[in-house]
Each structure stands twice: as structure tokens, then as C-alpha cells.
Amino acid sequence: MTLSRRRFFQTSAMGIAAVGAASGASFAQDVRKPRVALMPGLTTDSYYTTLRAGAQVAADAFGLELIWQGAPDFNPVTQVPVLEAVIAQQPDVLLIAPTDTQQLVAPLRRAHDAGITVITVDTYIGDGVYQTGATDWSFPLSAIASNNIEGGRLAGKALGESVGGKGKVYVAHFRPGVSTMDEREAGFRAYVQENFPEMEVLGTQYNDNDASKAASQFEAVFARTPDLAGVFGANVFSAIGAANGVRAAGQSGKVKVCAFDAPETIIGDIRGGLVDLAIAQHPAEEGFFAVSAAVATFNGQSIPTKISTGFTVLTADNLDDPTFAKFIYK
Amino acid sequence: MTSASRSKSAFQIMGQFWSVAFLVVALISLEIWTQIQYGRTFVFSAYNIQAILVLASIPLIIAIGQTFVIVSGGIDLSTGYVLGLSSVAAAQVLNLASPHMDALPALLVAGAAAVLVGAMAGRVNGFIVATLGVPPFIGTLGVFGIARGMAYLLAGGGSTVAVRNPILEAMGNGSIFGVRAPIFFAAIVLIVAYYALRHLRFGQYVYAIGANRSAAERVGINVKRQIASIYTLSGACAGIAALGCCARYSAGAPQAGEPMLLDSIAMVVIGGASLFGGSGTIIGTLIGALTIATVQYGLVVVNVEPFWQFITVGLIIIAAVLIDQAKGKFL
């Protein structure tokens, strides 16, 4: 855990150092500034506002204007009209978190055909493998995202260590078919099965993103599994609900709760002892590297077709350490 | 009835005058704004105009169905998820049919399925409202929930059902003589509905029931049957819109219509219809749809922060209703 955390931290530190040099040095004047538009999956989510903050740091460093436009809910029907209006603003580079792997392919191709460079952040179109020329969706230059299977594996490691490598755990999940969450679950299961022979992963509980449903599901699972050791809440509401279920059952501290994502609500629950661990993604890093990639490609540099950002495990012990606290979503 | 409908049309012309004025003010403001901010035209850009028309097209089709319902004095809150249910049904039928036939017949079968499922859901609304006498606000809200659950069940728990059909893709994302295809799609529905509401006896019944239901009964209109037909029509419109959604996004999705429901009601009201029934026109609804689409699209083009966009659209709806009420007092 420590190793991966340190490695990811170093990557981002290097990126920041590089941009610091670029903006401070005299050659900054030679860098042509693209018009960059950033479209989140939805505007009302702290994950994406944190991503925006990271993007803004890079935009300020390069001295360029960042257009931020999106829809209030995670739905192609509301995202596509906003996309069309963003195309009308004629940005040079579009950074977008597409709300569906298939439904955004044709609308994004229209942006591509209008001469706009498309880079996806957080989510992707098709299978996220670009620039192969072999698929309908290979026209974006790069996919900048965290690897959710790795995130799930990190959750498996962190929760497994936290319960002492034995006992029963289960995954509280939003809805089958949501790719990022299915990947987190798969990574979690794989890591626990490979590394903790004395642990058992029970059947997954689906809660429709309803925290109170997730809470009652915990109580039901606990009722039939008194030796339950931990829960992996694979997104914010799953984790909040499971944590409330743990409290209602009087098991706080005994049954460990690992949350995925780290908005303020989860951090509050960690401080209050309801949640034990949070796997923070690095949305600010995604935003930062996305803008950096936009500048690079606009100036004729090549960029990787895939940029993976990292994860950090947050616990009550490290929340006040600035090295870790900066990964709390804003 | 002739004199009644003549005085009504004076109201309707006035209502349309205000909604047109709104649209013109919105367009002029956006033109000035983009000229100052970017030195570019807003109104005289073919791309902008087409994008607005495409944005308006699918919600307009639902709003057209809703116009009939609102003019008759009812409301249909189920259309968002009836659209979703119909789009999933069409996608599933298309995927079942595609291996067995060519693209065109498969699409026709899927299109028929979308309209049929929508119309059936609408007929259920009609039965609940007209025959069982449940207030439309509650009855259609119940069907909203039922359609929502069925849509997710039919989608197999997943969020979308992807489809592949070259003709459908062209309908959603292609162009004919440089004009984007969804615009034609909505225009056809618009023309048929305009004719039906204005020139068919059915359309006159809709106004008569909305203006005074008991009077309509006394002159021998079978009000229950007409109301059932009106809701069936609204459901069928949601089914047609569902096909448009499938075409545009190459997938059926349960939640596809959810964001459109309230917008579509706002379109009808901005277009000069009264929620108490008896007034409203298809052209008014068209203007309402264009107004909302222009504002939603234009505020992104001039890069207004997203949350201010909700506030602006909200204020426009309230202003439109206030003007509507004032018009009732002063005329």
C-alpha cells in the first residue's frame, strides 16, 4: 500500500514541478495557448468540481482560459446538447467525461470532425482504447482516468489488512452494468481471493444509489452473518449507507467500512468513526494532466493514449497530514 | 361553438405574440452578447440554428402530445418514463429483429413497437383518468412509476440497450440537403399535430372539453372516450420521441426522457396554453420549445456558469406565466 501510494504521489509531484518550470521560464512565451473546454459527467458532484480545480491549476500555470460546461445529471440526453453548444464555441481541445460508452460516440465524432481535439477524462467511449484506427471510437487522442480495477484491488488490500486478513466481507454496489463500479468490485474480489485465504467475499448487494437501502441491506447481511468483518462501499452512497447500517447494528469499530471516493461527507464519517478507510481517486490529477496534455498536443507534442492517475488510502490517522489531506475532494 | 372558438383565437394570437416576443428578445440578447464577447454572430450561424432546432426536436414531440392533454384540461406526468420504456422496447425489438431481416423492415418493426408501447401506456393513463376518474396529476404520476420500473426491467437492469442500424443512425445523426435529420422528424409530427388540433373534429373536441367539460357532455361529445384518446395520443407522441432518442444516441435508455418532462410542460405553458384547459396551440408550443432550447443552448455558447442557466430558465417560465395571467386580466 505504501509503495503504490508513494509512486502515485511522485508522479503528480513531477507533473507539478514540470509545469512550474514551464510557466516560470522564458520559453513559456513560445507555447501557443489552446482554447480548452472541460465537460464533466455532471456539474453537481464533488468529484468533478475537484477535477475542475486541478484543471484550473494547470490552466492558470499556462495562462489559458478554461471553459467549464456540463449538465446537472449524468445522462447523455442532457450532456449532448451542452456538447453541441460547446462545439459552437470552437475550442481547440475538448476534455470530456462522456456519460455513456456508446451513446457519446456519434456526438463526439461531430466535435472531432469540426477540428476539435478530443481527450476523455474519468470515463471513456467504447473500450477506452484510442488511436488504433480499428474502431468507431478510436478518434480521441487520450484517455485520462484512474484504473478502477487497481482501485478495487487497493480497497481489497486496505480492507483485508484492516480486518487482519480473515473473516467475511461483502461489496455494497450501486447497480450492475455501471462499468466503473463493476471494475472496482472485480478488483476487490480478485485481490482478496488471491491474498487473503482466510477471507470470504459474500454476494454483492445492489442499492440503486440509495443510502437508506444500503443501510438496511447491511443490517440484513449482518443478521444472517454475525461474524461479518467488513464492507466495501464501492461508491459514496453505498459507503454512507453501509456505515449507517454498521452504527445501527452497534458494530462501529468492529465491522470495518471501506469507502470508495473521498468527498467531505465521507471524511466527516471517518472522523466520526463511522467509516474506517476511504480510497481517494485523484480527480485533481486527472484535470491537471488533461489540461497539460491539451497544451502539449496543441503545440505539436505527442501524448500517451492512456494516462492512469492514482489512488490514496485515507484513514483517521493520516487525514490531518497535508500530504494526504490534499486528496480530499473539494 | 363558432363564436366561442373565434374569441378563443383572439386570446391565442395574443398568447403567441408574447411568446414570440420572448423568443426574439432572447435571440437579440444572445446576438449582442456573442458579438461583444467573441466578435461572432449567434443568430446568423447555421450551426447554431440547427443545433437549437435539434435540441428542441425531441422534447417538442413530447410537448406536442402534452399540448393536447393540457388544452383538454389535464396533465400527463408519465411521458418522461413512457419515452424511456418505449425506447428500451424499440431497442430490444430492433436487436431481436435485426438478425432476421434487412435494416429497413427491422427499423419499421421497432418503430411500430415504440409507438405501440407508448400508445398503450397512454391508453392506461386514459383509462385511469377518464374511466376511473382519478385526477390526472395522480393517475399519470402512478403510470410514471410503473413505466419507470418496466423500462429498467426490460433493459435487463443495465442502463442502456445499444442498437446498430444504419438507417436509424442516419435518422439521428445524418443530414438531408445540409439540414440535420431530427429536424425533419419533428417537423412531420408538428405538421400532423397542427392539422389535427386545428382542423379535425377531434381537435375541436379537445378545446371544448378543456373549456367546459359539462357543456361538452351536454352537446353530445363522448367526453370519456375523447379523454382516453387524448392520453393515448400523448403516449404515442412519447413513443415517437423515443424512436428519435434511439436514433440520436444509438441506444434505448430507461432514463432518456426524464430530463425532458418538465421542460416539455414549460414549453406548452410558455407557448400560451393555460393549465386550466381550453387554450393553447401547436404553434405556441413550437415557439415555447424554441425559446427554451435557445436559452439553454445560448447560455452555454456565451459560457454562463451552469447553475445560472437553471435560474435563468426558471425565471423565464415564471415570467411567461405571469404575462399569461396579466393577459387574462387586461383583455
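Observations on the model:
- Qualifying residues in region B:127-166 (those that are closer than 18 Å to B:A251 by Cα and more than 14 Å from chain A (Cβ to nearest Cβ)) - the one farthest from the chain's Cα centre (by Cα): B:M150
- The set of residues in region A:59-103 being of a type in the set (D, E, K, R) and either surrounded by 23 or more Cβ atoms within 10 Å (Cβ to Cβ) or at pLDDT 90 or above (or both) consists of A:D60, A:E65, A:E84, A:D92, A:D100.
- Scanning region B:258-271 for residues that are touching a Pro at 6+ places or on another chain (Cβ under 9 Å) and either outside any helix (DSSP H, G or I) or within 11 Å of another protein chain (Cβ to nearest Cβ) (or both) returns B:P259, B:M260, B:D263.
- Looking only at region A:41-66, and only at residues there that are assigned to a loop (DSSP other than H, G, I, E, B) and within 11 Å of another protein chain (Cβ to nearest Cβ), the one that is farthest from the chain's Cα centre (by Cα): A:E65
- Candidates A:A37, A:A111, filtered to the one that is in a helix (DSSP H, G or I), over 19 Å from the mean Cα position of the chain (by Cα) and at pLDDT 90 or above: A:A111
- Matching entry among B:A247, B:A256 (being touching a Leu at 6+ places or on another chain (Cβ under 7 Å), at pLDDT 90 or above and buried (at least 24 other Cβ atoms within 10 Å of the Cβ)): B:A247
- The condition of being in a loop (DSSP other than H, G, I, E, B), hydroxyl-bearing (S, T, Y) and either surrounded by fewer than 23 Cβ atoms within 10 Å (Cβ to Cβ) or at pLDDT 95 or above (or both) does not hold for B:S214.
- When B:Q325, B:Q309 are checked against the criterion of being within 13 Å of another protein chain (Cβ to nearest Cβ) and in a helix (DSSP H, G or I), a single residue qualifies: B:Q309.
- In the set (1) assigned to a helix (DSSP H, G or I); (2) β-branched (V, I, T); (3) away from every other protein chain (no Cβ under 14 Å), the condition left unmet by B:I221 is number (1).
- If you go through region A:247-261 and pick out every residue that is more than 21 Å from A:V201 (Cβ to Cβ) and either in contact with a Ser or Thr (Cβ under 8 Å, 6 or more places away or on another chain) or of a type in the set (S, T, N, Q) (or both), you end up with 1.
- Note on region B:73-108: residues that are of a type in the set (D, E, K, R), in contact (Cβ under 8 Å) with a residue 40 or more places away in the chain and either out of contact with any Ser or Thr (no Cβ under 7 Å at 6 or more places or on another chain) or surrounded by fewer than 24 Cβ atoms within 10 Å (Cβ to Cβ) (or both) amount to 0.
- Some residue of region B:282-302 being over 27 Å from B:I230 (Cβ atoms), more than 9 Å from every other protein chain (Cβ to nearest Cβ), under 20 Å from the mean Cα position of the chain (by Cα) and aliphatic (A, V, I, L, M): yes
- The set of residues in region A:67-97 being among the aliphatic types (A, V, I, L, M), at the interface with chain B (Cβ under 10 Å from one of its Cβ atoms) and farther than 21 Å from B:L30 by Cα consists of A:V77 alone.
- Among the candidates A:S308, A:S302, residue that is of a type in the set (G, A, S), in a loop (DSSP other than H, G, I, E, B) and at negative phi: A:S302
- Candidates B:V304, B:V219, filtered to the one that is modelled with pLDDT of 90 or more and out of contact with any helix residue (DSSP H, G or I) (no Cβ under 6 Å at 6 or more places or on another chain): B:V219
- When B:N48 is tested against (1) in a helix (DSSP H, G or I); (2) surrounded by fewer than 22 Cβ atoms within 10 Å (Cβ to Cβ); (3) within 14 Å of another protein chain (Cβ to nearest Cβ); (4) more than 20 Å from the chain's Cα centre (by Cα), exactly one condition is not met: (2).
- Of all the criteria given as (1) farther than 30 Å from B:S264 by Cβ; (2) of a type outside the set (G, A, S); (3) at the interface with chain B (Cβ under 10 Å from one of its Cβ atoms); (4) in a strand (DSSP E or B), the one not satisfied by A:I144 is (3).
- B:Y205, sole failed condition from (1) of a type in the set (F, W, Y); (2) buried (at least 18 other Cβ atoms within 10 Å of the Cβ); (3) within 20 Å of the chain's Cα centre (by Cα): (3)
- Hey, B:I230 in contact with a Phe, Trp or Tyr (Cβ under 6 Å, 6 or more places away or on another chain), assigned to a helix (DSSP H, G or I) and buried (at least 23 other Cβ atoms within 10 Å of the Cβ) or not: yes
The values are calculated or read from the model by the stated rules, or taken from the named source; none is laboratory data. This structure is a prediction, so every number in the text was calculated from the model and none was measured. When we count neighbours, we look across all protein chains shown, and the Cβ atoms used for this are built from the backbone with ideal geometry, even at glycine.
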